[in-house]
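Below is one structure, written out as structure tokens; comments come after it.
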Amino acid sequence: MVIIMLGAPGVGKGTVAGILTEKLGIPQVSSGDIFRKAMAEKTELGEKVEEYMTKGELVPDDLTIKVIEERLLEPDLKSGAILDGFPRTKVQAEKLDEFLKEQNKKIDMVVDLTSPEEEILDRIVNRRICSNQNCKAVYNIKLKKPKVEGICDKCGSKLYQREDDTVEKVKNRIKVYEAQTKPLEEYYENTKVLYRITISQKINKMAKEAAEEIVEYLNNKGE
Ligand code: ADP
Ligand code: ZN
């Protein structure tokens, strides 16, 4: 099963994808996490992506596609993947279609998440992430505080704030999203697999409820 998570930065893609991984037993593949890990480990890839990541610009398509295709060929993804953060441009979407076709696979669902901009900004500036690359638990210093300030509940590692999680950089990332990724909604609308969900405190629909709705949709679809 292949599920794609679309949506602006800070909308909750990663959180919803994480819950889906637990519910469906399909691994989450986050392009942002792959790049951040490479940066933390100072690999060749890390060096290449750093200037784009810190500015909140997109990493070039060629490089991104190569990295994700390599990841998709790894054995743990034989039965599928939840793609969180990829594709993000039309070129990436087209390449992914070609790639899946070669593998006799198809996209089962494209989840398009939206959220009011003020909630997005609030979520991102309050976001703290576990620095342990094998944990990566996400906290919110207002809504989901760790028990001990600055320390991960799950593994005891230090929490950090992403370098691109400042108001100014988030605004740029949202702009980049509107210009380059938003057109994918139309791209996928044509394939009839697009499913929209609004995540908002105002309607009491957060990541958990969104994930439940997605699982229900997939169950009904399979019947
Ligand atoms: P967010 O969705 O909150 O912006 P991500 O972790 O998905 O966070 O992405 C962080 C950064 O990683 C992006 O700003 C961009 O620089 C890079 N990136 C992630 N995925 C892609 C992609 N598919 N194509 C190009 N750049 C990407
Ligand atoms: Zn942790």
At q = 0.09, 0.14, 0.18 Å⁻¹, what is the base-10 log of I(q)/I(0) for the stretch 2-216 according to the Debye formula with one equal point scatterer per Cα and no solvent? Please give it to two decimals.
-> -0.34, -0.87, -1.58
Apply the Debye scattering formula to the stretch 77-161, with a single equal point scatterer on each alpha-carbon and no solvent, then give log10 I(q)/I(0) at q = 0.10, 0.13, 0.23 Å⁻¹.
-> -0.42, -0.65, -1.03
Work out how much length E185 to T54 would gain on full extension: take 0.36 nm times their residue separation and subtract the Cα-Cα distance, in nm to one decimal.
-> 44.6 nm
Helix-derived [θ] at 222 nm for the chain: sum -39500 (n - 2.57) over DSSP H runs of at least 4, divide by residue count, nearest 500?
-> -14000 deg cm²/dmol
Between Q133, T64, G85, whose Cα lies farthest towards the positive end of the dipole of the chain when Lys and Arg beta carbons carry +1 and Asp and Glu beta carbons carry -1, centred on the Cα centre?
-> Q133
Spin-label pair K23/I203, simplified geometry with 7 Å Cα→Cβ offset, distance in nm | 1.6 nm
Just read off the accessible area of R36 with the full protein assembly in place, 1.4 Å probe, to the nearest 10 Å².
-> 50 Å²
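Using the Kirkwood radius over Cα pairs, work out the Stokes-Einstein diffusion coefficient for the stretch 97-223 at 20 °C and 1.002 mPa s, in µm²/s as a whole number.
Numbers: Rh = 17.2 Å.
D = 125 µm²/s.
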When only the heavy atoms of the protein chains count and the probe is 1.4 Å, how do I141, I124 rank by accessible area, highest first?
-> I141, I124
Segment F99-N220, length gained on full extension (0.36 nm per residue, minus Cα span) = 40.8 nm
Pull out the extension gain between K145 and L77, defined as 0.36 nm times the separation in residues minus the alpha carbon to alpha carbon distance; nm, one decimal.
-> 21.2 nm
What would the Debye formula give as log10 I(q)/I(0) at q = 0.24, 0.25, 0.28 Å⁻¹ for the alpha-carbon point model of the stretch 4-63, no solvent?
-> -1.03, -1.06, -1.14
To the nearest 20 debye, what charge dipole does the stretch 179-223 have about its Cα centre, counting +1 at the Cβ of each Lys and Arg and -1 at the Cβ of each Asp and Glu?
-> 160 debye
Largest first, what is the accessible-area ranking of V110, V215 with a 1.4 Å probe?
-> V215, V110
Label-point separation in nm, Q133 to Q161, each point 7 Å along Cα→Cβ = 2.5 nm
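About its Cα centre, how strong a charge dipole does the stretch 2-216 have in debye, to the nearest 20, once Lys and Arg get +1 and Asp and Glu get -1 at the Cβ? Walk me through the numbers before you get to the answer.
Values: 37 positive and 39 negative charges, 148 e Å.
For the stretch 2-216, the charge dipole is close to 700 debye.
Compute the Cα gyration tensor for the stretch 149-223, then decide on rounded, prolate or oblate, letting a ≥ b ≥ c be the square roots of its eigenvalues: rounded whenever a/c is under 1.5, prolate when a/b is larger than b/c in the other cases, and oblate in all that remain.
Working: a/c = 2.47, a/b = 1.32, b/c = 1.87.
Cα axes put the stretch 149-223 in the oblate bin.
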Quote the relative contact order of the stretch 1-87 in percent (integer), defining contacts as alpha-carbon pairs under 8 Å separated by 6+ residues.
-> 52 percent
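The values are calculated or read from the model by the stated rules, or taken from the named source; none is laboratory data. Since the model is a prediction, treat every value here as computed from it, not as a measurement. Here Cβ is always computed from backbone atoms with ideal geometry, including for glycine, and neighbour counts include all displayed protein chains. Only protein heavy atoms, including side chains, enter the accessible area calculation; ligands, DNA and RNA are left aside. Shrake-Rupley method; radii C 1.70, N 1.55, O 1.52, S 1.80 Å.
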